[in-house]
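Data block below; observations after.
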Amino acid sequence: MNMKENMDCNIVADLMELSLDGLTSEESEQLIQEHIQSCRRCKRYREVLTKRRQERERNEQENDKKIFRALKRWRYELIGLFIGIIAVVAFIVIILFRPFSGNKDEEVYPVKEHYEQTTDYGKQDYKGIAELALFPDSEDIAGQIAEFYYHCKGNKLYQEYQIYLECTYEKEAYEAEKQRLLQITDKNTERKVGYSEEETSLPCVYSMLYDEGYEYALLSEEEYKIIYIYLQGIDRRELVFEEKYLPKDYGQMGHFMETEREPFRIYMTDEERMRYEP
């Protein structure tokens, strides 16, 4: 090999990497192609370089696949960890707040013995706003209990109540119970119950018609029937009785609808109770 040929080989070798990358000019690429046609050593060198590049590309692709699989696996592991953390937090929240959940399950008692068992109105557990002065004690009921429903749910700070007691009486017993209702006066405030034939579809005696609670008794003269009702925070869609027995201004969740009537209650308000407590 003469000096010129050796020089051509050195030039071609320097350009070979650029040629494989497609970065040489047309003139240089033509020179390289003409040279390797007549030079076995440079042709072999090009084949070796090409093979090395192919192996390197295969290795890089395999590494990329491994990295992708690892990232995919880590993603699922992170999702699983995240779900596990949420489940643990939810479990802790349920355990911590369980004591504040509902106080009593829904119960429907249609017969008197159940009424006596559950009452007087669950007073041992009752924490409502009204004192349930209108409701007769179970042992004093002179009529027949047609239907009784007691429902309470809430927490230590606030409860929702729905108590419905329907009794039928003989005529004399009905009149006596009606008089008892009309004469009820709260011993702390000396406020007397109200009577109205306008508030509801039936004449009613009421001790509380207020945003926070409704306690009233409906008087059915024709059937000698009295319906005692107490509602506290109850949505009208949750009623167990007919809506016609609601006060006319009973709104969603018990809040007043647009009326001119002032709230009424014979019991002390929280402000009054704090004022009079020693």
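Quickly run through segment 130-156 and pick out the residues that are more than 16 Å from His114 (Cα to Cα) and touching a helix residue (DSSP H, G or I) at 6+ places or on another chain (Cβ under 8 Å).
Leu134, Ala142, Asn155, Lys156
Identify, by number, the condition in (1) over 12 Å from Gly143 (Cβ atoms); (2) touching a residue at least 12 places away in the same chain (Cβ under 8 Å); (3) not in a loop (DSSP other than H, G, I, E, B) that Gln179 doesn't meet.
All conditions pass for Gln179, except number (2).
Can you work out which of the residues in segment 250-271 that are surrounded by 13 or more Cβ atoms within 10 Å (Cβ to Cβ) and either aliphatic (A, V, I, L, M) or more than 29 Å from the chain's Cα centre (by Cα) (or both) is modelled with the lowest pLDDT? Please lay out each step first, then the result.
In the first step, residues of segment 250-271 are kept if they are surrounded by 13 or more Cβ atoms within 10 Å (Cβ to Cβ); the result is 250-251, 253-254, 256, 261, 264-269.
Then keep just the ones that are either aliphatic (A, V, I, L, M) or more than 29 Å from the chain's Cα centre (by Cα) (or both); that gives 253, 261, 264-269.
On the way: Met253: 57, Arg261: 66, Phe264: 89, Arg265: 91, Ile266: 93, Tyr267: 91, Met268: 87, Thr269: 81.
In this case the residue turns out to be Met253.
For Arg41, all conditions in the list (1) at pLDDT below 80; (2) within 23 Å of Cys9 (Cβ to Cβ); (3) assigned to a helix (DSSP H, G or I) hold save one; what is the number of the exception?
(1)
So that you can scan it fast, the table gives a plain yes or no per residue for (1) over 19 Å from Phe148 (Cβ atoms); (2) loosely packed, with under 14 Cβ neighbours inside 10 Å:
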position: Tyr210; (1), (2): yes, no
position: Tyr214; (1), (2): no, no
position: Ala217; (1), (2): no, no
position: Lys225; (1), (2): no, no
position: Arg236; (1), (2): yes, yes
position: Phe241; (1), (2): no, no
position: Pro247; (1), (2): yes, no
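Would you mind finding the one in Leu157, Leu182, Leu96 that is at pLDDT below 85, of a type in the set (A, V, I, L, M) and under 25 Å from Thr269 (Cβ atoms)?
Numbers: Leu182 fails: at pLDDT below 85; Leu96 fails: under 25 Å from Thr269 (Cβ atoms).
Among Leu157, Leu182, Leu96, only Leu157 is at pLDDT below 85, of a type in the set (A, V, I, L, M) and under 25 Å from Thr269 (Cβ atoms).
Select from segment 187-208 the residues that are surrounded by 15 or more Cβ atoms within 10 Å (Cβ to Cβ), outside any loop (DSSP other than H, G, I, E, B) and touching a Ser or Thr at 6+ places or on another chain (Cβ under 9 Å) and list them in ascending order.
Residues satisfying the conditions are Gly194, Cys204, Val205, Tyr206.
The values are calculated or read from the model by the stated rules, or taken from the named source; none is laboratory data. Everything numeric in this text was worked out from a predicted model, so none of it was measured. Backbone-built Cβ (ideal geometry, glycine too); neighbour counts: all protein chains shown.
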